[in-house]
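See structure below.
Derivation of every value follows stated rules applied to the coordinates shown; laboratory data play no part. Note that the coordinates shown come from a computational prediction; the quantities given were computed from them, not determined experimentally. Virtual Cβ from ideal backbone geometry, glycine too; neighbours counted across all protein chains shown.
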Amino acid sequence: MPATIVDQDKDVVGPFNRLSASQVNSFQSCPRLWFYEKNLHFKFPQVPVLFVGRAVEDAFCRMLRESPGLISSNASSETLSKIPLDQNGQPDRDDEKIWPSQRILPLPEKLLPKSLSQIRDWAISRIDSHLPVSLDLMRLEWEKDERKAGDWSDVNYAYCREMCINGLDMHIKELEACYENLGDDDLQTWRDGNRMMWPSPDGFGFNLTGSHPLASTAKITLLEAWEICRPWFVDPDAAKFSLNSIHPDFWFQGEYDLVYRWDGNIKIVDLKASLGKGDRSGDYVKQLRMYAMLWWVTHDKKEMVSELEVWYLGANKIKIIPNPSEKELKKMEEELNLLWKELKSSDISIENFPPIPSPVRGFLEGGVETASPNEKRCERCDWKVICPGGSGSDEFPVNKSFSIPGTITPIEVTRIEELDPRLSIVCNVFSVFDTKNNRPSITVSQGNSMAKIDILVDKHQDGQRPWPEQISKGDRILVENAVVTVNWKGELVLKIDPLGLISITDKEIKEYSDLMEFRARWNVVGKLVYKFDKKGIGRNGKQWHRKGVMIMDPSGSMKISGWANDWSSQYDMSQIGDLVLIANTGIDAWASQVRGDISRNSKIQVISST
């Protein structure tokens with residue numbers, strides 16, 4: 001099973017607290033780097049190459065999902081899209097749902113490819129259909145990112161296409177091997193329509209009635225080999241992170257790129273839209289070894305991975321990773337579990353994660369190991385200006401009040417960890433209406449106070465729906481861990497994010513908050529980590545522009561944003577590493593991260609400059 005269906009009643013960890021290979025690699029590169037990015041939620045600059053890699057993988061997998069026996073070379077890129085999904089965003093297992101391939105008749109014999117070269121030509125045509133769409137979607141996603149950097153015009157379409165074709169040629173080697181070596185029993189099993197619990201995505205869903213519609217009756221055909229050797233991969237239309245493989249004890253997760261299993265052996269492939277040069281190639285080796293451990297533990301420690309490969313699509317080279325032994329897998333699981341306990345402990349602080357970077361590793365094209373470069377990891381780090389490993393420090397002022405120009409009395413500030421935008425209240429439903437997104441629109445009352453409830457998610461962090469199935473006017477409800485804000489009309493709004501929960505209750509609850517206890521405005525001071533900027537066109541056709549900062553103090557981090565016109569000239573003057581004070585900011589939150597929202601009455605002031 002390459003993906004896990006989580007039993008929510010047994011999952012005591014939750015999706016936000018699992019360990020992943022990327023976190024392990026980040027921590028081993030530098031403990032402080034991990035703390036900045038995973039605990040304080042610093043987001044490094046988002047350059048186009050990060051999105052290009054996702055576009056190449058998306059187009060490549062959409063091509064693999066299709067069949068030369070069903071899809072003509074010039075068919076629409078949307079032919080197999082819109083697969084049925086369940087409430088968790090996974091492909092739906094309901095046999096009553098209709099899948100796109102079930103609506104398509106097999107192509108006539110004269111249109112079927114008869115040779116490997118014809119299959120290759122068909123697949124390239126499908127890449128040409130999907131790649132422009134995938135790149136355009138990623139471009140739009142990049143443009144929306146508040147931390148976007150670089151220039152999309154530098155993206156080379158021909159190179160992206162070449163990488164997809166390189167991946168195709170690597171896959172065709174599997175196709176040839178399957179065509180020449182597949183056993184008769186395995187062939188007949190496929191022809192009879194038998195499918196694995198997690199079949200490779202092909203638009204047919206989980207079950208077939210009768211034999212496979214593309215089955216032949218004589219010797220195996222190339223078309224059948226294409227179908228049988230298709231690897232498992234994350235269906236491009238599934239929800240993000242919905243097809244992770246998760247440790248039986250829920251503390252580790254990973255998402256495989258390709259899993260080949262047509263011959264009974266398991267080959268895990270990691271796709272990389274790169275040349276494989278440089279330090280990160282070392283991370284890919286460790287990631288695949290962790291994936292070998294994950295496969296082993298999710299198969300009752302009885303099935304081991306046979307092969308591990310990195311496909312460097314930019315270099316058109318395959319790197320083979322030695323398989324860990326069972327002894328190594330057991331040791332790896334134990335060490336990773338200890339690391340998870342260390343990293344996810346509730347009382348960790350920045351002092352526990354010193355800036356002690358590992359040496360930079362050297363790799364040539366194709367991930368070939370070579371001598372380490374004469375370079376320090378801190379020199380390339382995005383956080384070197386604020387980190388003691390670079391030119392920064394962990395020193396912060398101890399005073400809690402600051403005098404700034406334009407104010408008569410000193411401004412008292414609050415540590416970020418002491419900001420609490422959440423409250424739990426007992427209240428009554430004043431009104432409830434259905435909405436287009438199936439989340440109820442609720443207004444509640446508590447005495448003479450009123451508030452709107454804005455439900456932002458379909459799932460609580462423990463996997464359950466965050467509102468009751470039946471809710472009516474007059475119901476007495478308990479709203480837990482809601483984020484309290486004030487909208488532009490001055491109305492109180494209770495936001496339900498992954499930590500929020502609504503339940504109907506008739507119990508006597510003595511300890512709960514009063515809506516009027518909410519404090520709307522706060523003052524904070526911290527080091528400027530970075531600025532960000534977002535622009536767009538609203539539904540009314542007018543352009544909007546928001547700016548923001550990420551700051552940190554000894555207790556935590558905070559992202560603060562607002563309309564561009566509400567920031568003063570001090571915003572433009574401030575630089576990374578400066579100590580800045582932001583007065584009169586509203587507070588918001590998403591999951592564990594506190595956020596700020598400035599208005600025209602807020603103020604930013606540089607206290608000390610780097």
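In this simple spin-label approximation, Asn438 and Val12 carry label points 7 Å from Cα along the Cα→Cβ vector, and these lie 3.1 nm apart. Working note: Cα gyration tensor of the range 525-579, eigenvalues times five, square-rooted, sorted largest first, giving semi-axes of 25, 12, 8 Å. The magnitude of the dipole of the range 419-517, with charges of +1 and -1 set on the Cβ of Lys/Arg and Asp/Glu and taken from the Cα centre, is near 300 debye. Distance from the Cα centroid of the range 393-449 to that of the range 529-607 is 16 Å (rounded to whole angstrom). Exposure proxy shown here: for Trp590, Trp383, the number of other Cβ atoms within 10 Å sets the order, fewest to most, as Trp590, Trp383. Taking GluC sites (Glu not before Pro) across the range 425-496, the ones in a DSSP loop with at most 15 further Cβ atoms lying within 10 angstrom of their Cβ are Glu469, Glu491.
Of Val444, Val368, the sequence from fewest to most neighbouring Cβ atoms within 10 angstrom is Val368, Val444.
Name the shape class, rounded, prolate or oblate, that the alpha-carbon gyration tensor gives for the range 355-443, where a ≥ b ≥ c are the square roots of its eigenvalues, rounded holds for a/c under 1.5, and otherwise prolate holds if a/b is larger than b/c and oblate otherwise. Judged from the Cα gyration tensor, the range 355-443 comes out oblate (a/c at least 1.5, b/c at or above a/b). Helices in the chain that qualify as membrane-span-like (whole DSSP H runs, Cα extent of at least 30 Å along the helix axis, mean Kyte-Doolittle hydropathy of -1.0 or higher) are 116-144, 157-181. Note on Val432, Val305: ascending count of other Cβ atoms within 10 Å places them as Val432, Val305, the fewest first. What the phi angles of the range 356-371 give under the Karplus curve with 6.51, -1.76 and 1.60, with θ = phi - 60°, is a coupling list of 10, x, 7, x, 6, 9, x, 9, 8, 3, x, x, 7, 5, 9, 4 Hz, glycine and proline written as x. Modelled label positions at Trp488 and Lys286, each set 7 Å beyond Cα in the direction of Cβ, lie 4.7 nm from each other.
Cysteines in the chain that lack a partner Cβ within the 4.7 Å cut-off: Cys30, Cys61, Cys160, Cys164, Cys378, Cys381, Cys387, Cys427. For the range 67-75, 3J(HN,Hα) computed residue by residue from phi via the Karplus equation (6.51, -1.76, 1.60; θ = phi - 60°) reads 10, x, x, 10, 10, 6, 5, 9, 5 Hz, glycine and proline entered as x.
Over all alpha-carbon pairs in the range 39-115, figure out the percentage whose distance exceeds 16 Å.
Here the tail beyond 16 Å accounts for 67 percent of pairs.
Shown here for the range 208-281: trypsin sites (Lys or Arg not before Pro) in loop regions (DSSP other than H, G, I, E, B) with at most 10 other Cβ atoms within 10 Å, namely Lys219, Lys240.
For His460, the residues whose modelled amide H falls within less than 5 Å of its own, excluding neighbours fewer than 5 places apart on the same chain, are Arg465. Residues whose amide H falls under 5 Å from that of Ala589, counting only those 5 or more places apart or on a different chain, are Arg595, with hydrogens built in the peptide plane.
Sort the chain into rounded, prolate or oblate with this rule: let a ≥ b ≥ c be the square roots of the eigenvalues of the Cα gyration tensor; rounded if a/c is under 1.5, and if a/c is not under 1.5, prolate when a/b is larger than b/c, oblate otherwise.
Note, shape of the chain comes out prolate.
Remark on Ile411: its backbone amide H falls under 5 Å from those of Phe402, Ser403, Ile404, a criterion applied only to residues 5 or more positions apart or on other chains, H modelled at 1.01 Å from N. Going by a ≥ b ≥ c, the root eigenvalues of the Cα gyration tensor, does the range 419-517 fall in the rounded group (a/c under 1.5), the prolate group (a/b larger than b/c) or the oblate group? Rounded, because the longest to shortest axis ratio a/c is under 1.5.
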